[in-house]
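**Q** Here it is, the structure, as structure tokens.
The values are calculated or read from the model by the stated rules, or taken from the named source; none is laboratory data. Not measured: the values here are computed from a predicted model. Virtual Cβ from ideal backbone geometry, glycine too; neighbours counted across all protein chains shown.
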Amino acid sequence: MNFGLGEFMSNFDRSSDSPPPGDTLDPITDAALEDVLKTVPQGAFALAGAAMGLLVLAWLAVYVFIFLARGPIS
Amino acid sequence: MTYRADRLILAHFGVAFAAFALAILLGAWQMTVRSGLEPAFTSPEAYFASVTAHGTIMGYVMPTLFIMGFGYFVSVTTLDRPLPSLRLAWAGFWLVIVGVAMALPAVFSGKATVLYTFYPPLTGSVFYYLGLVLVVVGSWFWVGLMIWAMAGWKKDNPGKPVPLAMYGNVANAFLWLWTTVGVAVELLFQVIPASLGWTQTIDIGLARTLFAWTLHPIVYFWLLPAYIVFYTIAPRAAGGRLYSDMMGRLSFLLLVLYSLPVGMHHLFMDPEHGTGFKFLQMMLTVLVTVPTLLTIFTIGASMEIAGRLRGGKGLFGWIGALPWDRPMVLATCLSFVLLGFGGFGGIINMSYGMNAMIHNTSWVTAHFHLIYGGTVVIMYFAIAYEFWPKLVGREPLSLKPIRLQLWMWAIGMVVTTFPWHILGLEGQPRRVATFDYTNPMIAHWQNWTIVSMIGGYILLTSGLLFVWNLLTLYRGAEADRQMHYAVAVYPPHRVPSALNGFDLCNGLVLFLMLMAYGYPVAQFFFIKDYPALVHRVDLGN
Amino acid sequence: MAPITNEQELQKTEFRWAMIVTGAVTVLFAVIGISSFVMALHPPSHVESIDPATVSQSKEFAESNLGTSVDPDGAVTVRIIATQFAFVPRCIPVPQGKPVTIRVTSPDVIHGFLIAGTNANTMVVPGYVAEVRTVFGTAGDHLMPCHEFCGLGHSEMWALVRVVPQAQWQTDADGKARCDISR
Amino acid sequence: MSETSPLTPGPIGSDHPASDRSWRIWTSVFIAGFVLVSLVIGFVILPWRSESGVDPFTAICRALGLPGSEKIPPDPGAAKASAPASNVTWTIETNRLLSNASAAKGTALAKDTCGACHGEDGKSTDPEQFPNLAGQSQAAIFKELADFQSGDRKSDIMAPIAQALTREQMADVAAYYAAQKPDDLRAADSAVMLKVDLLAREGDPKRGIPSCDSCHGPSRSGPEDAPLLLGQSAPYIEKQIGNFGSQTRHNDVFERMRTIAHQLTPEEAHALAIYYHGMPASN
């Protein structure tokens, strides 16, 4: 499966950010990356979503059961 | 290679961590005093001089020097060119050192017991304030050099995206320039004239509003290096790729944009402002959570890439598969956990009316120890461990003491701050040295304070272990001095100018600052208010 | 979610996450906004200036007029002075379940107080009379410590708020109510 | 391994200028709109609701924080307000009066009137009755003289003397005595039981008593008019604590000393007096 290499290769210039060839620390091959990208953000979505949801619920609980319970303020 | 900037960066880090070690000792001692276990020197003079020193070092000396060193390292390694002027960089450094050498003796001699937030009309020795002004002016040298370095690079690389780490670094430089306006005006035009005896009174409302201008964005100035490392170093350390480079640029922009016009949430309980601008700044404070929430997803995805590349399966299998043995990965994950707890404390502080529940209680102390002391400082450790081989040319002999130090810091921070949340809700006031634990209403506070103190001693051990690690561990194999930053899944080829420079950002910040602070600051020049008489605290012989 | 094969799809996931973040942030806005509107909640923001140097000469904050006073129309007003290193008065009785207005100022430096277990909380800035309006729900004694650094005596600066049930609430001839801290 | 992932740049990252301008427009519109909505809610909707029964204009002025737009509750007690404890007010004028005072002019006054009892060099001829003034805080001497003059502090001896003085003269003589060199003493901490030593240096959170040193110590971090105590004679200090406790002396603004003295036991008062009487710093 190629990534539509054809017409894009021509106008593609190597940005300074990508690892220089022969870089030992980043041996990620495109095949591995492409395979991983099949499922990637789902885990982060679930984790970040759960964390944020927990935060909002905890905030709501404190707001209603502790703050509002302690009487008005103005 | 760091283009002969190694000594400059090591000097910044060295002084920063030496001051850090001293301030950690003070912190642990203060916790012992508060726990009612009667340590030596429990006089209020000693306690509040220590609180001033702890705050001044942890708030002004250590982070400013660290961020300057961090900025020089990032600038030299990402732009792959020497600093625009090494001499100016050293000049800025020595200005900061002179400032510190002027401020700290005044604090330790008890002549400036006004805490690091000054609290006019309390007025201390002029050397304390002049010292802090020199620290800020010295850091402006760093700001100029960073902007100059990026401009020089962009001229030589027209149209190419600025490397993400440098973009965050310059964002921090602009943020710091905007941030210091408030405290500089307050010091130069209000507090220093009073300290020199030129004026008899100080307009307290104006002084507090100007300090609030600085008080919130300064914590984002401290926070940005941690975010830069989340985006540009941690993904590579975990063996993955940065999920989205563009989201990194967006987060840095939003952090600069929304951290500046929100300082008045420190003045919710103040009687010199109406509800209108407090509400506007509360609304903007809610927006400042957005870049952080975007970051936890983007970095989560980057870590997920690394985890799955190492064989992590299932929805959360990638977490276990991460290389936890690497300090940068361990620190990043611990930092996010502390960010969760600290952030929870923060969104409660900001919620308009609810601020009344916990303003100036131990809840606030817990919040900023978790966010700054936890999330940010643990990343400062990780950054130091990551940069040290590049600076001294030697790998660490073993990673075990490093991991131990990071774990102890996170655990110590949790043990110290959790009791403070409970005590905060029960109304334990801030900055009180001695409690009457025989009073049945607060007797049980002592148990929680002792737990916090134990956390404080864990932090003390961890902090000293950190300095010990830096001094002794880096004697291993020859290190590769070349710094490698994370690579994005889709490296950017061209980025819209709005995300490659700061003109739009500065324009919007100017608009927001005018809307958020225009009237609140201007009002003190035309409403009838009564300035308070200067109250000297440096009269002792 | 569809597998990512190019940058647009990746940015679509970021966009989707941004929408969820917007949703969460909107929940915060909504709860704060609506509860502030419906229950008229806002931080104490009564702006009234007073010359701190002559507070000791003022009629309203004269020694005899400090403390809790019930006006003829039943409104309860508490006048407090926060000065270096004591609240005056130190024992403050307030009726349970009735709206109370606390007016407080400082003749010297910045103070601040909170009444433990309640939402009463304010900074006390010299040059301004701060006003806090709340209702005390639970009867009993509440600690009222100074929570802003005001000098070397800050740790010993606290007062006691005694929430008196409606049945036992009584004031003297001119509407003043007092309590003794030792009992 | 191919050099890098040859994937196409996305729409937002694409390089034609249109996406660049759209970024600027959309962010500016969002921020301006957000600020506008917040202002409308913050200045119109919420204030109108929380101060119902008031016209919108006043509600907006209150939200702005314009002084004078606030509703101040009635204050029937003000009519029957008690007289101030002391007529001395720490204004800029008082400060200027004290800082411009000349110790030289004060010397003459000290020689012919005050010296007889307080000693020309500020060391009292009879310390039990007349306090030592050498090295005392100028503000404290000035305030006591002003209180003797106005009768806020009763004293048959001092009343006629103070009434003959003008405010400038009081400031001058106060400056003179403040400039005199006191004996070189230190607190007599070994002569008193520990609890009192702690009370003087660290205060007692149980009774809400701040440390005596926080106001009367060298740092004088408390109110302006708090006198230095070290070197004062023990009987004189004990008598003053007693006077405050029994309210016979009440020129302490906001009852600061009366509240504290009322809670001190006689033994504590006696021990504190000895503590501040002091002992020669040499031994």
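**Q** Output the helices (runs of 4 or more DSSP H) that fall wholly within segment B:231-350 and possess 3 or more residues being touching a residue at least 60 places away in the same chain (Cβ under 8 Å), within 14 Å of chain D (Cβ to nearest Cβ) and under 30 Å from B:Leu397 (Cβ atoms), or say none.
**A** It comes to none.
**Q** Looking at (1) within 11 Å of another protein chain (Cβ to nearest Cβ); (2) in contact with a helix residue (DSSP H, G or I) (Cβ under 8 Å, 6 or more places away or on another chain); (3) in contact (Cβ under 8 Å) with a residue 60 or more places away in the chain, which is the only condition D:Arg220 fails?
**A** (2)
**Q** Within the group B:Leu508, B:Leu539, which residue is closer than 30 Å to D:Leu66 by Cβ and within 9 Å of chain D (Cβ to nearest Cβ)?
**A** B:Leu508
**Q** OK, next. If you go through segment B:323-338 one residue at a time, do you hit one that is among the basic types (Lys, Arg) and touching a Phe, Trp or Tyr at 6+ places or on another chain (Cβ under 9 Å)?
**A** So far as segment B:323-338 goes, no, none of its residues is among the basic types (Lys, Arg) and touching a Phe, Trp or Tyr at 6+ places or on another chain (Cβ under 9 Å).
**Q** Another question, then. Can you tell me which residue is surrounded by the fewest Cβ atoms within 10 Å (Cβ to Cβ) among those in segment C:114-162 that are closer than 15 Å to C:Ile81 by Cα and of a type in the set (Asp, Glu)?
**A** C:Glu131
**Q** Just need a number here: residues in segment C:91-121 that are farther than 21 Å from B:Ile442 by Cβ and within 7 Å of another protein chain (Cβ to nearest Cβ).
**A** In the first step, residues of segment C:91-121 are kept if they are farther than 21 Å from B:Ile442 by Cβ; the result is C:95-110.
Add one more test, that the residue is within 7 Å of another protein chain (Cβ to nearest Cβ), and what stays is C:101, C:108-110.
Final tally of qualifying residues: 4.
**Q** Working only within segment A:31-74, note down all residues that are of a type outside the set (A, V, I, L, M) and farther than 23 Å from C:Glu9 by Cα. Let's see the steps before the verdict.
**A** Initial filter on segment A:31-74 (of a type outside the set (A, V, I, L, M)): A:34-35, A:38-39, A:41-43, A:45, A:49, A:53, A:59, A:63, A:65, A:67, A:70-72, A:74.
If the condition is that a residue be of a type outside the set (A, V, I, L, M) and farther than 23 Å from C:Glu9 by Cα, then A:Gly53, A:Trp59, A:Tyr63, A:Phe65, A:Phe67, A:Arg70, A:Gly71, A:Pro72, A:Ser74 are the ones that fit.
**Q** Assuming D:Pro17 fulfils every condition listed in (1) within 11 Å of chain C (Cβ to nearest Cβ); (2) modelled with pLDDT under 80 apart from one, which condition is it?
**A** Result: D:Pro17 fails condition (1) only.
**Q** Tell me whether segment B:30-50 contains one or more residues that are in a helix (DSSP H, G or I), more than 30 Å from B:Phe435 (Cα to Cα) and in contact with a Pro (Cβ under 9 Å, 6 or more places away or on another chain).
**A** no
**Q** Sticking with this structure for a sec: Any idea which of (1) away from chain D (no Cβ under 14 Å); (2) in contact with a Gly (Cβ under 9 Å, 6 or more places away or on another chain); (3) not aromatic (Phe, Trp, Tyr) is the one B:Ala207 doesn't satisfy?
**A** That leaves (2) as the condition not met.
**Q** Taking segment B:110-144 as the search range and keeping residues that are in contact with a helix residue (DSSP H, G or I) (Cβ under 8 Å, 6 or more places away or on another chain) and of a type in the set (Ser, Thr, Tyr), which one is surrounded by the fewest Cβ atoms within 10 Å (Cβ to Cβ)?
**A** B:Thr117
**Q** Something else about it: D:Ala178: among the aliphatic types (A, V, I, L, M) and out of contact with any Ser or Thr (no Cβ under 7 Å at 6 or more places or on another chain), yes or no?
**A** When the stated conditions are applied, D:Ala178 does not pass them.
**Q** Okay, moving on. Out of segment D:223-241, which residues are within 19 Å of D:Gly203 (Cα to Cα) and either in contact with a Ser or Thr (Cβ under 8 Å, 6 or more places away or on another chain) or facing another protein chain (nearest Cβ under 9 Å) (or both)?
**A** Selection gives D:Pro223, D:Ala226, D:Pro227, D:Leu228.
**Q** Within segment C:1-109, considering only strands (runs of 3 or more DSSP E) that don't extend past its boundaries, which have at least 3 residues that are surrounded by fewer than 20 Cβ atoms within 10 Å (Cβ to Cβ) and polar (S, T, N, Q)?
**A** Per the criteria, no element qualifies.
**Q** Of the residues B:Arg431, B:Arg394, B:Arg403, only one is in contact (Cβ under 8 Å) with a residue 40 or more places away in the chain and in contact with a His (Cβ under 7 Å, 6 or more places away or on another chain); which?
**A** The match here is B:Arg431.
**Q** For segment B:521-532, indicate whether the set of residues that are at the interface with another protein chain (Cβ under 7 Å from one of its Cβ atoms) and β-branched (Val, Ile, Thr) is non-empty.
**A** yes
**Q** Go through segment B:491-533 and report how many residues are of a type in the set (Phe, Trp, Tyr), touching a residue at least 24 places away in the same chain (Cβ under 8 Å) and part of a loop (DSSP other than H, G, I, E, B).
**A** Number of matching residues: 1.
**Q** Here's something else I'd like to know. For B:Gly311, are the conditions met, namely being modelled with pLDDT under 95 and either buried (at least 24 other Cβ atoms within 10 Å of the Cβ) or not acidic (Asp, Glu) (or both)?
**A** yes
**Q** A further question follows. State yes or no: is D:Leu109 more than 21 Å from D:Ala234 (Cβ to Cβ), free of Cβ contacts under 8 Å to residues at least 40 places away in the same chain and among the hydrophobic types (A, V, I, L, M, F, W, C)?
**A** Spelling it out, it is not the case that D:Leu109 is more than 21 Å from D:Ala234 (Cβ to Cβ), free of Cβ contacts under 8 Å to residues at least 40 places away in the same chain and among the hydrophobic types (A, V, I, L, M, F, W, C).
**Q** Are any residues in segment C:145-172 of a type in the set (A, V, I, L, M, F, W, C) and either within 11 Å of chain D (Cβ to nearest Cβ) or under 20 Å from D:Glu202 (Cβ atoms) (or both), and if so, which ones?
**A** Result: C:Cys146, C:Phe149, C:Cys150, C:Leu152, C:Met157, C:Trp158, C:Ala159, C:Leu160.
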